[in-house]
Amino acid sequence: MTFPPLGLFGAVMGLVGLGLAARAAAPLFPGLFRAPAYFSEPWIAAGTLLYVGLGLLYFLKVVTGRAKEDFVAPERMGALGLVPVGMMLIAAGLAPYQPDLADLLWWKAVVLYALGFAWGLVRLLQLGLATPRLTPAWIVLLVGGIVSPLGGVALGHEVAAKWVFLAGVLGGLLLVVPLAKRPRLPEPGRPAWFILLAPPALVAANGNALFHHPAFVAALWIAVAVLLALLYRARSLLRVPYSETIWAITFPLDAFAFAAARQALAEQSHFWRGVAGFALVLAILAVVFCLYRTLRRSDARVQ
């Protein structure tokens, strides 16, 4: 039996994240699209269903003993963070409709994230803080806690979300040196560098939501600079050979659109409204592009 790669959980983050970004941006564009409604919720539903399917298949992979390398190989284990972070996003998506279920999922995600964080720290110390063997996906494994306030605040777990958020920030500090020493990624893996956009965007949005301090706006300006650099480097993205890593471009764009929309609403700013609209269009195009590449790849395998 062939199991889908663990990196496909990134598609869950891309789909659900787009729905959450659309929810946040909807008040900025009245009459253009309505959310939560026909645009935002289908993405969240699709991501949730995909998570269930991938989760069952990955459970089979684990119990059959074919997932060992995902837990020990530094080049692969960063993708483990996609599992709890995807669940955190689903909890945020379900919170308005099924708060009890969302609450259960959020706490399970926090526990899984804590376990992954602890194991990631152990492996990082074994390898050495200057190791060049880590991939950008380690940002999800160690820094993924900065996603927790998306659902945690709405569910009434603001204090717990603060601690998980701060753990994610600490994880980001630990990854600066190894990722800076990381050699050039092979071409199919280069979209993974888009993950660098998510931390400053979510630190800005969720940090402000938790600590209510205007200084977090600086992180959003850092995200703008990172986005411009990534868009410049992404000129050849259409020619990159397919791998599941292509989905790494989706959630970071969702996160940036979400953060820009939150800032536009907080400041009632036309500038940030324009940035949020531009970012949301980019996020939609990225998800559609990745869906097209994935379905095309699946069709080719069937033939």
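Structure values in brief
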quantity: Helices (runs of 4 or more DSSP H) fully within segment 1-99 counting 2 or more residues that are of a type in the set (Asp, Glu), touching a residue at least 40 places away in the same chain (Cβ under 8 Å) and open to solvent by 40 Å² or more (accessible area, probe 1.4 Å); calculated: none
quantity: Matching option when the condition is under 22 Å from Arg76 (Cβ atoms) and not in a loop (DSSP other than H, G, I, E, B), among Leu129, Leu179, Leu185, Leu202; calculated: Leu179
quantity: Condition broken by Ile246, with the remaining ones in (1) farther than 27 Å from Leu8 by Cβ; (2) surrounded by 15 or more Cβ atoms within 10 Å (Cβ to Cβ); (3) of a type in the set (A, V, I, L, M) satisfied; calculated: (1)
quantity: Pair list, Cβ under 7 Å, 6 or more apart: segment 222-236 residue in contact (Cβ under 8 Å) with a residue 12 or more places away in the chain, other residue open to solvent by 50 Å² or more (accessible area, probe 1.4 Å) and of a type outside the set (Lys, Arg); calculated: Val226/Leu196; Leu230/Trp193
quantity: Number of the exception - Lys162 against (1) open to solvent by 40 Å² or more (accessible area, probe 1.4 Å); (2) at pLDDT below 95; (3) not aromatic (Phe, Trp, Tyr); calculated: (2)
quantity: Single match in Leu129, Leu115, Leu121 (criterion: over 16 Å from Gly47 (Cα atoms) and out of contact with any helix residue (DSSP H, G or I) (no Cβ under 8 Å at 6 or more places or on another chain)); calculated: Leu115
quantity: Test: residue in segment 266-280 that is part of a helix (DSSP H, G or I) and among the polar types (S, T, N, Q); calculated: no
quantity: Cβ pairs under 9 Å, 6+ apart, first in segment 151-163 and within 13 Å of Ala205 (Cβ to Cβ) and without any contact (Cβ under 8 Å) to a residue 60 or more places away in the chain, second in a helix (DSSP H, G or I) and hydroxyl-bearing (Ser, Thr, Tyr); calculated: none
quantity: Any hit, segment 68-85, residues being over 27 Å from Pro178 (Cβ atoms) and over 20 Å from the mean Cα position of the chain (by Cα); calculated: no
quantity: Selected residue [small (Gly, Ala, Ser), under 26 Å from His157 (Cβ atoms), open to solvent by 20 Å² or more (accessible area, probe 1.4 Å) and not in a loop (DSSP other than H, G, I, E, B)] from Ala209, Ala219; calculated: Ala209
quantity: So Leu141, is it open to solvent by 30 Å² or more (accessible area, probe 1.4 Å), part of a helix (DSSP H, G or I) and either free of Cβ contacts under 8 Å to residues at least 40 places away in the same chain or over 22 Å from Ile284 (Cα atoms) (or both); calculated: no
quantity: Single match in Gly116, Gly156 (criterion: of a type in the set (Gly, Ala, Ser) and under 24 Å from Trp193 (Cα atoms)); calculated: Gly116
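Residue-by-condition table, conditions (1) of a type outside the set (A, V, I, L, M); (2) closer than 11 Å to Pro136 by Cα; (3) over 19 Å from the mean Cα position of the chain (by Cα):
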site	(1), (2), (3)
Arg184	yes, no, yes
Ala201	no, no, no
Asn208	yes, no, no
His212	yes, no, yes
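One line per residue, one yes/no per condition, for (1) over 21 Å from Ile90 (Cα atoms); (2) among the basic types (Lys, Arg); (3) in contact with a Gly (Cβ under 9 Å, 6 or more places away or on another chain):
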| position | (1), (2), (3) |
| --- | --- |
| Tyr113 | no, no, yes |
| Leu129 | yes, no, no |
| Pro136 | yes, no, yes |
| Glu158 | no, no, yes |
| Val164 | no, no, yes |
| Gly168 | no, no, yes |
| Pro199 | no, no, yes |
| Asn208 | yes, no, no |
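The values are calculated or read from the model by the stated rules, or taken from the named source; none is laboratory data. Just so it is clear, the model here is predicted, and its values are computed rather than measured. Positions of Cβ are generated from backbone atoms using ideal geometry, with glycine treated the same way; all protein chains shown enter the neighbour counts. Please note that ligands, DNA and RNA were not included when accessible areas were found on the heavy atoms of the full protein model with its side chains. Shrake-Rupley method; radii C 1.70, N 1.55, O 1.52, S 1.80 Å.
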